[in-house]
1. Could you say whether any residue in region 3-24 is within 13 Å of the chain's Cα centre (by Cα), over 23 Å from M165 (Cβ atoms) and at pLDDT below 85?
2. Across region 63-108, what is the total count of residues that are basic (K, R), modelled with pLDDT of 90 or more and assigned to a strand (DSSP E or B)?
3. Out of the residues in region 143-170 that are touching a helix residue (DSSP H, G or I) at 6+ places or on another chain (Cβ under 6 Å) and part of a loop (DSSP other than H, G, I, E, B), which is farthest from K40 (Cα to Cα)?
Amino acid sequence: MKKLPLFSIALVLLCTNLVSAQTLESNTQWLSSHLDRLVKEEKGKNLTVNDKESVPTFRFKGCQMNMNIDSRDSDVNFGMTISWLLKDVQKVSYAREKDGNYELKMIVPADRLKMKLGFGNDNALSGSFNLKDDDNNSKTNFTLHTQDESLVKEIVHKFEDSVRMCKNAR
């Protein structure tokens, strides 16, 4: 049995990591775009500052997922970011709601969620903290305004794939 030179092994590992990073970036860009378009609350249920509603936006930085809610007004600014690492997601699933839309469900331990809040002009009053959960079994649910189950399955698949990649990254 012929041994592979160390250089060949290193090259294979480097290429594997590069392809994995490109796949993760492709998945998270796709997820960000679709979540921004589909995650909207019913009219009147979004965060409102001076009668202006604010909807969440989703951004990924590698294996970190951020949900941002910003509302800016001439009198008051409000900003909130909730973030977690994809490797901390324990399960991703979905369920059909009564109105025909779908709910995306993720289980992330509350003590793994980080929250940053800011109030006032230029977020003059701000703070960061971790949430606490005694049973470490928190659910993060988003209503997806679509009745296309194949699209919802694709969202779940891309999340599961990204979570797996982030758990395997060392």
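The values are calculated or read from the model by the stated rules, or taken from the named source; none is laboratory data. Keep in mind the model is a prediction, meaning the values are calculated, not measured. For neighbour counting, all protein chains shown are included, and Cβ atoms are generated from backbone atoms with ideal geometry for every residue, glycine included.
1. no
2. As a first pass, look at region 63-108 and keep what is basic (K, R): 72, 87, 91, 96, 98, 105.
Those still in the list that are modelled with pLDDT of 90 or more too: 87, 91, 96, 98, 105.
Narrowing the set further to residues that are assigned to a strand (DSSP E or B) leaves 91, 96, 105.
Number of matching residues: 3.
3. The extreme case among them is T146.
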